[in-house]
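Encoded as structure tokens, the structure appears first; notes follow it.
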Amino acid sequence: MKKLVFGSAALVLLSAPLLFAWRNAAPARAARTSGSTPPASAAVVAPRVAAEGRVVTYPGGEVVVGTDFAGTLLRLAVKEKDVVRKGDLLAELNASEEKAALVQARARITEAEADVKLAHFELARAQRLRETKVGTEQAVDKASRDREAAVARRDTAAAQAEGLVARIAKSRVLSPLDGVVMQRHAETGETVDRGARLVTVANLKQLRVEAEVDEADSERIALGAVARVKAEGDPTATWLGRVEEIPDAVTFRRLKPQDPGRPSDTRVLLVKIALPEKTPLKLGRRVELSIESAPAPAR
């Protein structure tokens, strides 16, 4: 009986260390089973920045073409979706009065040129007579004044003609860039004022996205960050872009938020996203963006 008790006590003493080691190893087993890593080595992934935006052209890529010439629109030479080259005729206004005035100005130039030649001859004659003591100094002075007056009339007529040529040139409105006619703002036969809009021309070969990033997220945007672009209403297609321009100031929101729960009077950072690959996105199309977040600045 004493041997049995002694054996049981020895068994208990031997199993105690094993039980203690098993209990200490339990958390490690649980961590391996769940696939989690110790908190000290866990990687913190910053959330991406969500934003809304629209497809835009690069600076100077979209131009509303107007006129510096007031008058009747003789013809609008283009229609929407027409492809135009820089210098192509877009519109022509009635400049018949200016053309008639130009004919008169050129006639005055011809007349003044004849007067200048005659004045030169008369001045030379008066100078010769003075040298032979036949003419007087007063005659020479008068001939000199007549020549100067003739030259002035010629120069005035030339300046008027030059101004009329410039005005007539403005009656022909030319495309300032290669692009596509996006919209017509006037029609043939209309009388337009100086500064009136005629057509909008845009270069659609290279577009980018103007993203409205909430000012609270402005410090989380970095140049070169990858952005995922998705057209609103089309969850299937996604394109990759990169942040290529970050302004130095925030401004008021330009787009009305699609989410009614989001405030519309917040200030935003207008971040420009380059689209390296060609996309079917149309100019002005609203898009949703998910932008790679930069590490939070150290405190």
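The values are calculated or read from the model by the stated rules, or taken from the named source; none is laboratory data. Everything quoted here is computed from the prediction, not taken from an experiment. Counting neighbours? That spans all protein chains shown, and the Cβs are built from the backbone with ideal geometry, glycine included. What goes into the accessible areas is simple: the full protein's heavy atoms, side chains included, and nothing from ligands, DNA or RNA. Shrake-Rupley method; radii C 1.70, N 1.55, O 1.52, S 1.80 Å.
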The stretch 93-119, residues that are part of a loop (DSSP other than H, G, I, E, B) and either open to solvent by 40 Å² or more (accessible area, probe 1.4 Å) or farther than 20 Å from Ala186 by Cα (or both): Asn94
Go through (1) within 30 Å of Glu190 (Cα to Cα); (2) buried (at least 16 other Cβ atoms within 10 Å of the Cβ); (3) of a type in the set (Asp, Glu) and name the single condition Glu122 misses. (1)
Are any residues in the stretch 76-92 part of a strand (DSSP E or B) and surrounded by 13 or more Cβ atoms within 10 Å (Cβ to Cβ), and if so, which ones? Leu76, Val84, Leu89, Leu90, Ala91, Glu92
Qualifying positions in the stretch 175-189 - within 20 Å of the chain's Cα centre (by Cα) and of a type in the set (A, V, I, L, M, F, W, C): Leu177, Val180, Val181, Met182
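Select from the stretch 212-239 the residues that are of a type in the set (D, E, K, R) and open to solvent by less than 40 Å² (accessible area, probe 1.4 Å) and write down the one among them that is modelled with the lowest pLDDT. Outline the logic, then answer.
Filtering the stretch 212-239 for residues of a type in the set (D, E, K, R) gives 212, 214-215, 217, 219-220, 228, 230, 232, 234.
Within this subset, residues satisfying the condition of being open to solvent by less than 40 Å² (accessible area, probe 1.4 Å) are 212, 217, 232.
Working: Glu212: 94, Asp217: 92, Glu232: 80.
Looking at residues that are of a type in the set (D, E, K, R) and open to solvent by less than 40 Å² (accessible area, probe 1.4 Å), I get Glu232.
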Only one residue in Val209, Val165 is open to solvent by 40 Å² or more (accessible area, probe 1.4 Å) and not basic (Lys, Arg), so which one is that? Val165
Starting from the stretch 192-206, keep only residues that are on the phi > 0 side of the Ramachandran plot and open to solvent by less than 100 Å² (accessible area, probe 1.4 Å), then list their pairs with residues that are assigned to a loop (DSSP other than H, G, I, E, B) and of a type outside the set (Gly, Ala, Ser) whose Cβ atoms are within a distance under 8 Å, requiring at least 6 positions of separation or different chains. Gly195/Thr67; Gly195/Asp68
Scanning the stretch 125-159 for residues that are of a type in the set (Val, Ile, Thr) and within 30 Å of Ala101 (Cα to Cα), the one most open to solvent (accessible area, probe 1.4 Å) turns out to be Thr156
Being open to solvent by 40 Å² or more (accessible area, probe 1.4 Å) and assigned to a loop (DSSP other than H, G, I, E, B) is the filter here; which residues of the stretch 56-72 pass it? Tyr58, Pro59, Gly60, Asp68, Ala70
